[in-house]
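Down below is the structure, laid out as structure tokens.
The values are calculated or read from the model by the stated rules, or taken from the named source; none is laboratory data. Every value quoted in this text rests on a predicted model; they were computed, and no experiment measured them. Methodologically, a virtual Cβ is constructed for each residue, glycine included, from the backbone with ideal geometry; neighbour enumeration extends over all protein chains shown.
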Amino acid sequence: MKVWAIVLAAGSGARYGGPKHELQLGGLPLWKRSVSVLEASGIDSVVVVGPVDGGVPGGPRRRDSVVAGLAAVPESVEWVVIHDAARPLITRRLVATVLGAARSGQSDAVVPALAVTDTLKVVDGDVVVETIDRSQLAAVQTPQAFRAKLLREAHLIDPDDDVTDDAGLLERIGGTVTIVPGDRTNIKITFAGDLELAEQMMGVMRDD
């Protein structure tokens with residue numbers, strides 16, 4: 001099974017306070033940490049989307065950047081893995097779990113997910129409207145694996161819709177999406193302070 005990966009590093013980083021592609025963790029840019037783990041996990045080739053050395057120019061939205069990355073992936077590639085560079089604590093173990101489920105042939109996409117442990121509320125301003133039943137909820141992460149042909153088709157649907165999750169697009173066209181256990185150390189660098197947390201976590205993580 002031929003597998004390529006797309007690492008997304010083109011975001012504006014608005015919630016962080018600026019672009020994150022130049023941020024470093026353990027002496028390496030966030031995107032390079034992800035690339036090194038993916039390459040060490042049996043991925044055939046990695047395309048980086050963003051203003052980095054050898055990168056493919058991204059777009060104004062995440063979806064545009066995924067499409068730009070897909071354009072650099074040969075049509076012969078069967079599966080493509082999408083990963084956010086802002087998740088630099090990705091591990092080879094997590095990649096192997098995702099790829100193992102993809103190779104089983106049981107679904108069209110595989111996403112790592114964690115059970116939601118916090119109580120969730122629907123609010124209107126500062127007023128609670130409803131409490132959500134979390135028993136059937138999951139928080140998804142990247143890397144996510146997709147049948148490349150179906151992912152290309154999915155991105156042709158409602159191109160003006162600013163989606164934040166590629167798996168949601170596959171669901172719209174009837175694709176089967178399954179989950180595998182995520183990793184709680186696989187945090188996303190989103191807000192100020194997250195990088196410091198990642199540095200602390202990296203100090204106690206095993207190299208797997």
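The table below lists the values:
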read-out: Residue satisfying all of: in the range 28-49; assigned to a loop (DSSP other than H, G, I, E, B) and not hydroxyl-bearing (S, T, Y); modelled with the lowest pLDDT among these; value: G42
read-out: Complete set of residues in the range 51-96 that are within 22 Å of D161 (Cα to Cα), part of a loop (DSSP other than H, G, I, E, B) and out of contact with any strand residue (DSSP E or B) (no Cβ under 7 Å at 6 or more places or on another chain); value: P57, G59, P60, R61
read-out: Number of positions in the range 2-57 that are touching a residue at least 40 places away in the same chain (Cβ under 8 Å), among the hydroxyl-bearing types (S, T, Y) and surrounded by fewer than 22 Cβ atoms within 10 Å (Cβ to Cβ); value: 3
read-out: Qualifying residue in the range 170-189 (condition: buried (at least 18 other Cβ atoms within 10 Å of the Cβ) and part of a helix (DSSP H, G or I)); value: yes
read-out: Condition check for L25: at pLDDT below 95, on the phi < 0 side of the Ramachandran plot and in contact with a strand residue (DSSP E or B) (Cβ under 8 Å, 6 or more places away or on another chain); value: no
read-out: Selection status of V52, among the β-branched types (V, I, T) and at pLDDT 95 or above; value: no
